[in-house]
Each structure stands twice: as C-alpha cells, then as structure tokens.
C-alpha cells in the first residue's frame, strides 16, 4: 500500500499515528485522570503534527494553542481542584453493560477501518501555493464565513458566562449562612478536604 | 514521490474516534468521559482536514475543523463547570452517582 512513497514522510506519519493512538489508549485506560490528561496532550500534539502533513499549518497552531494550551490545562486545574476524589476506587458493578458497550464500539471501529481501507481514493492532488496558510485561511474566514465566525464569538461568550454561573454555584448571603451554621446542613457531611469547601468557608467567615 | 494517501489519515481518525467512543461507554469517571469526548471531536477534525486535502480548492473542511475547535473549547469549559458543580453536590466524580432524578 505504501510502496513508492517518500520514506521521511512515511516515518513522520507513522510516528504521529502511533503517538496519537497510544495517547488515546492511555487516556482511556489510565485509572488516574492526571495521567489520562497527559496522554490526551500527547494525542493532541500528534494530531497537530498530522495537520502539518495535511497542509494545514494554521490549524496545527490553533490546535496547539486551544487544546494543548487551554483545554488540557483546564482539565488539570479541575483535577487539582477535586483532589484525591478525582480517582475514585474501582468496583465491579455494571461489568456486563460495560463489556457489551466496549465490544459494540470495537465492532464499529473494525467496520469503519475495513470500509476505509478498501475504498482507496486516488492520488492526492497537489495543493495550490499557500493552501492552508494563515493568509488564505483568513481571506476565506473573514469573507464567506464572517457570520459563523461572529456567531462563534457569541457562543464562547455564552459558554464563559454559563461556566462561571454553573461552577460558582449558589452564593448564600451572610445572614442565611449564619443561621445555617447552627443547624448543620447536609453540606457538612462531605469530606472537608476540598479546596472548594475552604473557599466557601473563608467567604462565610470574612 | 507521492504524498501519504488520505485513507491512512481516515483510518487513524476512525481508530481515534473508536477509542474515544469505547472510553465514553466504558469509563465511569466523569473527567475521563469528557476527555473521551475531546478525543472523538479531535478525530472528526482530522477527518475534515483530510477530506479538505483531497478537495483542495477551498478551505471548507479546515474552516469546519476551526469552528469545531471553538465549540469543543466551549464544551470543555461548560462540561468541567458541571463536573465541579456535581462534585460539590455528591463528593465524587463517578457518573453513576448522578441519580438525583431516580425515584
């Protein structure tokens, strides 16, 4: 299948593909979510490498900035906030459902790979000069795709507001918190090790 | 010297998507489920970019992947905020602890 291809390009693609698949396997199988996030980082880096090979240097940069720089760091921050409870102990419940789900999804992968490897698309066309560069990409993004671009900024704004509103939770006013201290609410049942708890408590004492 | 054929990228993307799907179905840690969703979104982006390489007269696939990245970032932010809120409620990140609507 790969006869007559540039050796260097082939090696580069093989490294990217192996790192991507290995990182994905690590993300899914590591019990500790921090190791999962680190494996996800490897997958993202390898995918950025594949974008470079597909003549999409701008997307590779965006991938590194947004995924490696923001999303993975956000995951790590949340794992850090949650603390040791982010790695709950394993139990054997639902083994049947998980096995069936795993087998079904594996069959899906197998079928997709079979279909894709049989249908060989012909030669890859030679890309025109500057395909995928920031210049050409930006011309199209701010030309035909200006409205979706602005809509995506609106989406991000809404997502920021929503994330802050959801993660902040209900902020009780000081009087209500005073009366709640006498009658221990159900909130006090949890382990006091979380930094979230400390944050809300220090807010109450201030 | 020919470039790497597009189906090779598509196969890698399919494998990544499948691994993400298996992880989402099998793992019970909410954080790992979110990471699996990110894996699946990334696999779809690779497919978009690969097909765009095949029809290289416009950047439609790359633009779609670009907007996909924006949506994925928003999804990660909101999803992790929900995980934090859920953890505050239940003191765990196991997805089967989210049974408030049961009974």
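Observations
- From the options A:76, A:64, residue that is part of a helix (DSSP H, G or I), touching a residue at least 40 places away in the same chain (Cβ under 8 Å) and more than 20 Å from residue B:25 (Cβ to Cβ): A:76
- Selection within the stretch A:26-37 - free of Cβ contacts under 8 Å to residues at least 12 places away in the same chain and part of a helix (DSSP H, G or I): A:28, A:29, A:35, A:36
- Selection of the stretch B:64-93 for residues being more than 17 Å from the chain's Cα centre (by Cα) and more than 19 Å from residue A:74 (Cα to Cα) yields B:89, B:90, B:91.
- The stretch A:16-39: number of residues that are touching a strand residue (DSSP E or B) at 6+ places or on another chain (Cβ under 9 Å), within 7 Å of chain B (Cβ to nearest Cβ) and surrounded by fewer than 18 Cβ atoms within 10 Å (Cβ to Cβ): 0
Matching residues to (1) farther than 26 Å from residue A:90 by Cα; (2) surrounded by 21 or more Cβ atoms within 10 Å (Cβ to Cβ); (3) touching a strand residue (DSSP E or B) at 6+ places or on another chain (Cβ under 8 Å):
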site	(1), (2), (3)
B:61	yes, yes, no
B:66	yes, yes, no
B:74	yes, no, no
B:81	no, yes, no
B:88	no, no, no
B:93	no, yes, yes
B:100	no, no, no
B:103	no, no, no
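- Test: residue A:42 is surrounded by fewer than 19 Cβ atoms within 10 Å (Cβ to Cβ), under 29 Å from residue B:61 (Cα atoms), without any contact (Cβ under 8 Å) to a residue 60 or more places away in the chain and more than 7 Å from chain B (Cβ to nearest Cβ): yes
- Restricting the stretch A:2-15 to residues that are within 8 Å of another protein chain (Cβ to nearest Cβ) and part of a helix (DSSP H, G or I), the residue that is nearest to the chain's Cα centre (by Cα): A:13
- Output for the stretch A:79-100, where each listed residue is closer than 16 Å to residue B:32 by Cα and either in contact with a helix residue (DSSP H, G or I) (Cβ under 7 Å, 6 or more places away or on another chain) or part of a helix (DSSP H, G or I) (or both): A:79, A:80, A:81, A:82, A:83, A:84, A:85, A:86, A:87, A:98
- Any hit, the stretch A:65-81, residues being within 7 Å of chain B (Cβ to nearest Cβ) and over 19 Å from residue B:72 (Cα atoms): yes
- For the stretch A:50-64, a tally of residues being more than 7 Å from chain B (Cβ to nearest Cβ) and either on the phi > 0 side of the Ramachandran plot or surrounded by fewer than 19 Cβ atoms within 10 Å (Cβ to Cβ) (or both) returns 4.
- Residue A:132 passes every criterion in (1) assigned to a helix (DSSP H, G or I); (2) within 29 Å of residue A:62 (Cα to Cα); (3) at pLDDT 80 or above apart from (1).
- Taken as a whole, the structure leaves residue A:141 outside the set of residues that are closer than 24 Å to residue B:78 by Cα, surrounded by 11 or more Cβ atoms within 10 Å (Cβ to Cβ), in contact with a helix residue (DSSP H, G or I) (Cβ under 8 Å, 6 or more places away or on another chain) and modelled with pLDDT of 50 or more.
The values are calculated or read from the model by the stated rules, or taken from the named source; none is laboratory data. On a predicted model such as this, the values are computed, not experimentally measured, just so you know. All Cβ positions, glycine included, derive from the backbone under ideal geometry; neighbour counts span all protein chains shown.
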